[in-house]
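Values in this text are rule-based calculations from the coordinates and carry no lab data. Please read all numbers here as calculations on a predicted model, not as lab measurements. Cβ sites come from the backbone with ideal geometry, for glycine too, and all protein chains shown count toward neighbours.
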Amino acid sequence: MSTHGNHVTATITVSLDGYVTGPDDRPGCGLGVGGERLHYWVMGGPWTYEGEHDTDGMSGADREYFEAVTAGLGAGIVGRGMYDAAGQWGGTNPFPGPMIVLTHRLDDVLPESSGFVYSDDLDEALSRAHELAGDGVIAFGGGADVIRQALRAGIVDTLGISTAPVILGAGKKLFVGGEPDLDLAVRATYSSPYATHVIYDVGQ
């Protein structure tokens, strides 16, 4: 687990059949075709890629879970795919604390004032996150490949999985085989009409 003093979390939303996106995820359709249903809990109900949508509608158990997993956030780490699919969040990091983007493409990076930092190596990104987070939590926010890398590296202390009540049938899987053998202990559960959220303590 984390050896630098910072608590390390990883959180992601999946369908009942284990997909983190529907098919054909891309900029402007970041969760893939039909995948926006995964984030009904984030938006407080049904939303579309074309319409106005934000997290202001989040409430009840969904808001409780979100606040639990973002409490004390010092720095975040996301993959290039998630960063691109989100449209670089409009060019400004919307999260508390700096966001490190794991990418091998450094020709189109945004200035540091955007709140984004870029790295092409997980170990380097993690070291930078420890520097930037202070005493705060380091959060891996996806996509699936980044979550798998973090679990394989043995650095995740708590894992938050939100399961949406939908079967997508296709898309990108969270787990694809080759993951480490881990024991998880349920720390907390939250349930709403849009998702069941479980926070696990990760053991090895």
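General observations
- The charge dipole of the chain, taken about the Cα centre with unit charges on the Cβ atoms of Lys, Arg (+1) and Asp, Glu (-1), comes to about 340 debye, rounded to the nearest 20.
- Taking θ as phi - 60° and the Karplus parameters 6.51, -1.76 and 1.60, the scalar couplings of region 34-40 work out to x, x, 4, 5, 4, 10, 4 Hz in sequence order, x denoting glycine and proline.
- Distance between the C-alpha centres of region 1-60 and region 142-204: 13 Å, rounded to the whole angstrom.
- For region 41-47, 3J(HN,Hα) per residue [Karplus equation, 6.51 cos²θ - 1.76 cosθ + 1.60, θ = phi - 60°, Hz, x = Gly/Pro]: 5, 6, 9, x, x, x, 8
- Computed FRET value (nearest 0.05) for A153 with T189, which takes r as the C-beta separation and R₀ as 25 Å: 0.45
- Near I77, the amide H atoms lying under 5 Å from its own belong to I100, A139, F140, G141; only residues 5 or more places off or on other chains count, and H is placed 1.01 Å from N.
- In sequence order, calculated HN-Hα J values of region 5-14 (Karplus, 6.51, -1.76, 1.60; Hz; x Gly/Pro): x, 7, 6, 10, 10, 9, 9, 6, 10, 10
- Simple spin-label estimate for D108 and E131 gives 2.6 nm between the two label positions (7 Å along the Cα-to-Cβ direction from each Cα).
- Correct option for Cα Rg over 2.2 N^0.38 Å [calculated from the coordinates] among (1) 1.38; (2) 1.05; (3) 0.96: (3)
- Near S192: Cβ cut-off under 14 Å, other residues only, Lys/Arg at +1 and Asp/Glu at -1. The net charge is -1.
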